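Q: Quick one: the structure is below, questions incoming.
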Amino acid sequence: MVVGDLALELDTVVIGAGPGGYVAAIRAAQMGQKVAVIEREYIGGVCLNVGCIPSKALINAGHRYQEAKNSSQFGVITKDVSLDWSLTQKWKDDKVVKTLTSGVEMLLKKNKVQIIRGEAFFNDTHQLRVINGDEAQSYTFKNAILATGSRPIEIPGFKFGGRILDSTGALNLPEVPKKLVVIGGGYIGTELAGVFANLGTDLTILEGLPSILAAFDKDMVKLVEDNFKSKDVNIVTSAMAKSVQETENGVKVTYEVDGKTEVVEADYVLVTVGRRPNTDDLGLESARVKVGDRGLVEVDNQGRTSQKHIFAIGDIVAGPPLAHKASYEAKVAAEAISGKNVAVDYVAIPAVCFTDPELASVGMTEKEAKAVGVSVKVSKFPFGGNGRALSLNQTEGFVRLVTEKESGLVLGGQVAGVGASDIIAEIALAVEARMNIEDLSLTIHAHPTLSETIMDASELSLGLPIHI
């Protein structure tokens, strides 16, 4: 039974300890604030525990399995390659996830951040209550940063549980399914589909839009589609999932495409159609914090809500639900509380999808630039012209730079291919620092490296290509 209590005083309180929350707490502490962070479930949040980190671990395991099976072209002959899924999951949980989450907890303690376990609810604009089981404690606060993240969207007829999986369930399956249906061909769906395709699962992807990975340019997406097809993955676009029937050993998924009703059977169905902000159970009405129709908190360019001492960051505010966006906004909010003259600037937020091959984009695309009347020049350099990519036997893909035609200002870029998730950082820096194309071409890049593709693309833009 929860009983009444006397409120304790806090200076800055952060609700949520994910990539937004723990970064906000640490930065606020570094700025001299006395900080407490409230977390109801995972230190490190969804990303570190059941999201971006464990999924990348399993993606790596899938790549290792494929390499072990298909290395004869390098003269490396393997026999009887097998997968011990229980060991894969143990490595993911013990060596990757626990290492990172325990590290985050250590960093919080090192910066003297108080960790409060439980679920927070606002009583009014300066007080909240934390409930942890049968215990409860009220706190008053001077400033608050909301970083409560998001959760998977559940679609009608596909209630999570049993053989109907959300992303968390897919990452923790007790076995590699023989057959899997994935509903939703966005970032999460394609990444997890890639994991199981590499491990031998018979896969079907159902996507409601005309293409998977609709946020990326078509020539980038085609590379992923071709890779999926080489692994016999069935991609069905413009398809609407209607219902699912659980059987003794699997599921039957009914969907509609081109006016026809189809049924596909599998061991499990994974639903990845987006995420919903966790703002509905915080008592934000009591805090008089304005929330929009889609559950997103309204904020200014410092993350301030309608209550000037309450900030919101990450998946619960407008913009792409990316961990690095949350961490960036966290630093701005923490520094704003300390009186720093800071503001968010989203001009160079990279977006990365860890498919096969990897896709990455930052800044403006050619289409986006033309839509706002900017005259652009586009240079595209293939990985097939890069010595390092050739030595890795991964020559599919390209680097593309989008520059302002007259000044050569780097407006954006895309990378599709091996190492795209790392290569994009140089383009992001160029966009953020307002560099021009000559800045990139005059930068000496080590040889042989994948990063040379940036230099080659910039030289191509200048009309002075060497390797094409």
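Q: Quick one: in the range 313-348, of everything that is more than 20 Å from Arg27 (Cα to Cα) and open to solvent by 30 Å² or more (accessible area, probe 1.4 Å), which residue is farthest from the chain's Cα centre (by Cα)?
A: Top of the filtered list is Val347.
Q: Considering only the range 204-213, state which residues are part of a loop (DSSP other than H, G, I, E, B) and closer than 18 Å to Pro357 by Cβ.
A: Correct list: Ser211, Ile212, Leu213.
Q: Testing Ser82 on (1) at negative phi; (2) in contact (Cβ under 8 Å) with a residue 40 or more places away in the chain; (3) of a type in the set (Gly, Ala, Ser), one condition comes back false. Which one is that?
A: That leaves (2) as the condition not met.
Q: Follow-up question, since we're still on this one. Any chance the range 296-310 includes a residue that's among the hydroxyl-bearing types (Ser, Thr, Tyr), on the phi < 0 side of the Ramachandran plot and surrounded by fewer than 20 Cβ atoms within 10 Å (Cβ to Cβ)?
A: yes
Q: Looking only at the range 217-245, how many residues end up being in contact (Cβ under 8 Å) with a residue 12 or more places away in the chain and more than 23 Å from Phe398 (Cα to Cα)?
A: 13
Q: Could you check, for the range 219-226, whether at least one of its residues is in a loop (DSSP other than H, G, I, E, B) and either modelled with pLDDT under 95 or open to solvent by less than 40 Å² (accessible area, probe 1.4 Å) (or both)?
A: There is no residue in the range 219-226 that is in a loop (DSSP other than H, G, I, E, B) and either modelled with pLDDT under 95 or open to solvent by less than 40 Å² (accessible area, probe 1.4 Å) (or both).
Q: Can you pull out the residues in the range 242-262 that are closer than 17 Å to Pro210 by Cβ and either in contact with a Phe, Trp or Tyr (Cβ under 8 Å, 6 or more places away or on another chain) or aromatic (Phe, Trp, Tyr) (or both)?
A: Listed by number, the list holds a single entry, Tyr255.
Q: Could you look through the range 16-42, keep only residues that are open to solvent by 10 Å² or more (accessible area, probe 1.4 Å) and hydrophobic (A, V, I, L, M, F, W, C), and pick out the one that is nearest to the chain's Cα centre (by Cα)?
A: Applying the filter and picking the extreme gives Val23.
Q: A further question follows. Please state which one of Thr254, Thr237 is of a type in the set (Ser, Thr, Tyr) and surrounded by fewer than 16 Cβ atoms within 10 Å (Cβ to Cβ).
A: Result: Thr254 is the single residue among Thr254, Thr237 that is of a type in the set (Ser, Thr, Tyr) and surrounded by fewer than 16 Cβ atoms within 10 Å (Cβ to Cβ).
Q: So Asp293 fits all but one of (1) within 14 Å of the chain's Cα centre (by Cα); (2) open to solvent by 50 Å² or more (accessible area, probe 1.4 Å); what number is the exception?
A: Exception for Asp293: condition (1).
Q: Now a separate question. Among the residues of the range 257-273, write down those that are of a type outside the set (D, E, K, R) and surrounded by fewer than 14 Cβ atoms within 10 Å (Cβ to Cβ).
A: Result: Gly259, Thr261, Val263.
Q: Restricting attention to the range 152-173, which residues are open to solvent by 40 Å² or more (accessible area, probe 1.4 Å) and either farther than 29 Å from Tyr328 by Cα or more than 31 Å from the chain's Cα centre (by Cα) (or both)?
A: Pro156, Gly157, Lys159, Phe160, Gly162, Arg163, Asn172
Q: OK, next. Considering only the range 420-438, I want to know if a residue exists there that is more than 27 Å from the chain's Cα centre (by Cα) and either free of Cβ contacts under 8 Å to residues at least 12 places away in the same chain or closer than 22 Å to Tyr346 by Cβ (or both).
A: yes
Q: Further, regarding this structure: Output the number of the condition that Gly133 fails; it satisfies all remaining conditions of (1) in contact with a strand residue (DSSP E or B) (Cβ under 8 Å, 6 or more places away or on another chain); (2) without any contact (Cβ under 8 Å) to a residue 24 or more places away in the chain.
A: Every listed condition holds for Gly133 apart from (1).
Q: Select from the range 410-468 the residues that are of a type in the set (D, E, K, R), under 18 Å from Leu359 (Cα atoms) and open to solvent by 60 Å² or more (accessible area, probe 1.4 Å) and list them in ascending order.
A: Passing the criteria: only Asp422.
Q: Can you spot a residue in the range 391-404 that is open to solvent by 30 Å² or more (accessible area, probe 1.4 Å), free of Cβ contacts under 8 Å to residues at least 24 places away in the same chain and within 16 Å of Pro357 (Cβ to Cβ)?
A: Yes - at least one qualifying residue is present in the range 391-404.
Q: Considering every residue within the range 172-185, establish whether at least one is polar (S, T, N, Q) and outside any loop (DSSP other than H, G, I, E, B).
A: No, because not a single residue in the range 172-185 is polar (S, T, N, Q) and outside any loop (DSSP other than H, G, I, E, B).
Q: Any idea how many residues of the range 174-196 are open to solvent by 10 Å² or more (accessible area, probe 1.4 Å) and under 21 Å from Asp93 (Cα atoms)?
A: The total comes to 6.
Q: Cβ-Cβ under 6 Å, sequence separation 6+ or interchain: first residue in the range 87-98 and hydroxyl-bearing (Ser, Thr, Tyr), partner at pLDDT 95 or above. Which pairs?
A: Thr88/Ala61
Q: Please give the number of the condition Thr247 fails out of (1) at negative phi; (2) modelled with pLDDT of 95 or more; (3) open to solvent by 40 Å² or more (accessible area, probe 1.4 Å).
A: (2)
Yes/no matrix, rows are residues, columns are (1) among the charged types (D, E, K, R); (2) touching a strand residue (DSSP E or B) at 6+ places or on another chain (Cβ under 8 Å):
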position: Pro174; (1), (2): no, no
position: Lys229; (1), (2): yes, yes
position: Asp232; (1), (2): yes, yes
position: Val251; (1), (2): no, yes
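The values are calculated or read from the model by the stated rules, or taken from the named source; none is laboratory data. Just so it is clear, the structure is predicted and the values come from calculations on it, not from any experiment. Don't worry about glycine lacking a Cβ; one is built from the backbone with ideal geometry, like all the others, and counts go over all protein chains shown. All accessible areas refer to the heavy atoms of the entire protein, side chains included, with ligands and DNA or RNA removed. Shrake-Rupley method; radii C 1.70, N 1.55, O 1.52, S 1.80 Å.
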